[in-house]
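Q: Shown below is the structure under consideration.
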Amino acid sequence: MTSMRQVFVDTVEDVMRHDPRVAVVLAEISRDAFAPHERVINVGIREQAMVGVGAGLALSGLRPVVHTYAPFLVERPFEQIKLDFGHQDLGGVLVSIGGSYDDPVWGRTHQAPGDVALFDTLPGWTVRVPGHPAEVGPIVRDALERDDRVYLRLSLRENTAPHPVVEGFTEVRHGGRGVVVAVGPMLDTVLEATRDADVTVLYATTVRPFDAAGLQAAVGRAGRADVLLVEPYLEGTSAHLAAEALADVPHRLRSLGVRRDAELRAYGTAEDHDSAHDLDVPGVAAAVRRMFGHPAAAA
C-alpha cells in the first residue's frame with residue numbers, strides 16, 4: 001500500500017502543476033521524494049530557516065507547504081511558527097511525518113508526542129490527523145485550496161480501511177453505555193478493543209477545531225455522558241475541549257494517549273511503545289472495561 005507520505009507528495013506535485021501559488025519548503029528530509037522543481041526549496045538542516053522561508057513565501061502571496069519530521073517541524077522551530085506564521089496572521093500548510101514514535105530506531109530526537117498540544121497554545125490552526133493513506137489526498141487538496149493555517153500529522157501507522165473525510169466526527173459504531181473517540185490511526189485498535197462493549201465509537205481526522213457539537217450529539221444519542229478519548233499523541237491533549245463541550249452535562253471523562261508520567265529510554269519498536277502507553281488493544285480494552293464496565297455487566 002502507498003504510504004501517507006507518498007500520497008502527500010503525489011498530491012502536492014499534482015496540484016503544483018496547475019496552481020502556481022503552491023511552493024514546498026524542506027530541510028533535507030524528503031528531498032528525494034519530490035521531483036526537482038523551482039518551487040521546491042531545500043534549505044538544508046536549518047529547520048528554523050525552513051519555517052521562516054515558508055512564512056516569507058506566504059507574505060509574497062504563495063501557499064507554502066513546509067515539511068519534515070514532527071519534532072523538527074513543530075518543536076525545534078516553534079518560535080518561528082508562533083511569530084512568523086501566527087503573529088503575522090499568515091496562512092500555510094505544515095506537514096509532519098513520524099507521529100509520536102513511528103521510527104523509534106532513531107531515538108527520542110525523532111519523536112514528538114506533544115506536537116498537537118503545542119499547537120493548542122496558538123490560535124487559528126486547523127489540525128488534521130488522517131488514519132489511512134486514502135484519506136490524505138482529499139485532506140491535502142483541501143488544505144492547499146485554503147488560505148488559513150493547517151497542520152497535517154502523517155503517520156506510518158494506519159487503519160485497514162479509509163473513512164469519508166469530514167470536518168467533524170464520524171460515528172462508526174453505536175452503543176448505549178458511553179462514547180469512545182478514536183483519532184486517526186487509533187481507530188482499528190479502538191474497534192477491536194470495544195468489539196464486545198456497548199459503546200458508540202466516533203472517528204476523527206479533524207481534531208482542531210474540535211467537534212463539540214458532534215460529541216454532544218453522540219452523548220445524547222448514547223444516553224450516557226461517559227467519554228473516553230483515545231489519541232495517538234500526548235495523553236489528554238483534547239480533554240479540555242471535551243470537558244468544555246460537556247460543561248453543562250454531568251459527565252465522566254478519561255483520556256488515553258502517550259503517557260505524561262513516563263519517559264521511555266529504550267528504543268524498542270513502535271508496538272513496544274504502544275504497549276508501554278496502553279495504546280495497544282489490551283491497553284485500550286482495559287481502559288474501556290474500567291470506564292464502561294465489563295460486557296457481562298451490560299447484559
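Q: Being among the aliphatic types (A, V, I, L, M) and within 21 Å of the chain's Cα centre (by Cα) is the filter; apply it to the range 10-26 and report the residue that is surrounded by the fewest Cβ atoms within 10 Å (Cβ to Cβ).
A: Leu26
Q: Okay, next question. When the residues of the range 226-280 are narrowed to those that are of a type in the set (S, T, N, Q) and under 19 Å from Pro209 (Cβ atoms), which ends up most open to solvent (accessible area, probe 1.4 Å)?
A: Among those that are of a type in the set (S, T, N, Q) and under 19 Å from Pro209 (Cβ atoms), it is Ser255.
Q: Can you tell me which residue is nearest to Thr2 (Cα to Cα) among those in the range 141-163 that are hydrophobic (A, V, I, L, M, F, W, C) and touching a strand residue (DSSP E or B) at 6+ places or on another chain (Cβ under 7 Å)?
A: Once the filter is applied, the top-ranked residue is Leu154.
Q: For the range 162-184, how many residues are crowded, with 23+ Cβ neighbours inside 10 Å and within 16 Å of the chain's Cα centre (by Cα)?
A: Initially, the range 162-184 is screened for residues crowded, with 23+ Cβ neighbours inside 10 Å, giving 169, 178-184.
Right, trim to within 16 Å of the chain's Cα centre (by Cα) and you get 169, 181-184.
Counting residues in the range 162-184 that are crowded, with 23+ Cβ neighbours inside 10 Å and within 16 Å of the chain's Cα centre (by Cα) gives 5.
Q: Please verify whether the range 106-119 includes one or more residues that are open to solvent by less than 20 Å² (accessible area, probe 1.4 Å), at pLDDT 95 or above, farther than 28 Å from Ala239 by Cα and not assigned by the TED database to the domain that holds Arg265.
A: no
Q: Turning to a different aspect of this structure: So which of Pro123, Pro138 ends up being in the same structural domain as Val43 (by the TED database), under 24 Å from Val7 (Cα atoms) and open to solvent by 20 Å² or more (accessible area, probe 1.4 Å)?
A: The conditions single out Pro138.
Q: As an exercise: evaluate Ala23 against (1) in contact with a strand residue (DSSP E or B) (Cβ under 8 Å, 6 or more places away or on another chain); (2) assigned to a helix (DSSP H, G or I); (3) of a type in the set (A, V, I, L, M) and give the number of the one condition it does not meet.
A: (2)
The values are calculated or read from the model by the stated rules, or taken from the named source; none is laboratory data. In this text the structure is predicted, and so the values were computed from the model without any measurement. Neighbour counts run over all protein chains shown; Cβ positions are idealised from the backbone, glycine included. Please note that ligands, DNA and RNA were not included when accessible areas were found on the heavy atoms of the full protein model with its side chains. Shrake-Rupley method; radii C 1.70, N 1.55, O 1.52, S 1.80 Å.
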